[in-house]
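Trainee: Shown below is the structure under consideration.
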Amino acid sequence: MSVYANLYMDQGADFDVVVTIEDGLGNLFDLTGYTGRAQMRKSYNSSNAIDIHVEMPPVNPKSGEVSLRLSPEETSAIKAGRYVYDVEITADDVENENTTLRVIEGQIIVTPQVTK
């Protein structure tokens, strides 16, 4: 079910990307009862991970949209270069308990900051 998407991040700037998740039939994924988590790493085997904030839509969870966010302070601390990332969602309700899905994966290109 995972979608591959390459993203770009500017050092020292807000990183705020909204991604839309669909089910296997192309319908918007109902995120009711799910929480999300995401990380980026220099390589798949790297032991150092950078957590990316994942926000689910509080008003309309049936929109399938999740936000991936980092503050300017957080992006300033990331060395420029190419990273891999993924986003996982986990069901919090009893019916789908312990269901974890990887919904997005790809590369993040961090471009260097000039103005400091």
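The values are calculated or read from the model by the stated rules, or taken from the named source; none is laboratory data. All of these numbers come straight from a predicted model, not from anything done at the bench. Here the Cβ positions follow ideal geometry from the backbone for every residue, glycine too, while neighbour counts run over all protein chains shown. Keep in mind that these areas ignore ligands, DNA and RNA; they rest on the heavy atoms of the full protein, side chains included. Shrake-Rupley method; radii C 1.70, N 1.55, O 1.52, S 1.80 Å.
Trainee: Do the conditions hold for E88, that is, is it in contact with a strand residue (DSSP E or B) (Cβ under 6 Å, 6 or more places away or on another chain) and farther than 14 Å from S43 by Cα?
Mentor: yes
Trainee: From the residues in the stretch 60-79 that are open to solvent by 70 Å² or more (accessible area, probe 1.4 Å) and in a strand (DSSP E or B), which one is modelled with the highest pLDDT?
Mentor: R69
Listed here are the residues, each with its yes/no results for (1) of a type in the set (K, R); (2) touching a helix residue (DSSP H, G or I) at 6+ places or on another chain (Cβ under 7 Å); (3) under 30 Å from V114 (Cα atoms).
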{"site": "M9", "(1), (2), (3)": "no, yes, yes"}
{"site": "F15", "(1), (2), (3)": "no, yes, yes"}
{"site": "L25", "(1), (2), (3)": "no, no, no"}
{"site": "L31", "(1), (2), (3)": "no, yes, no"}
{"site": "A38", "(1), (2), (3)": "no, no, yes"}
{"site": "P61", "(1), (2), (3)": "no, no, no"}
{"site": "K79", "(1), (2), (3)": "yes, no, yes"}
{"site": "V84", "(1), (2), (3)": "no, no, yes"}
{"site": "T100", "(1), (2), (3)": "no, no, no"}
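Trainee: Which members of the stretch 40-59 meet the condition of being among the acidic types (D, E) and exposed (fewer than 12 other Cβ atoms within 10 Å of the Cβ)?
Mentor: Selection gives D51 alone.
Trainee: Here are some residues: R37, R82. Which one is assigned to a strand (DSSP E or B), under 17 Å from Y4 (Cβ atoms), charged (D, E, K, R) and open to solvent by 90 Å² or more (accessible area, probe 1.4 Å)?
Mentor: Exactly one of R37, R82 is assigned to a strand (DSSP E or B), under 17 Å from Y4 (Cβ atoms), charged (D, E, K, R) and open to solvent by 90 Å² or more (accessible area, probe 1.4 Å), namely R82.
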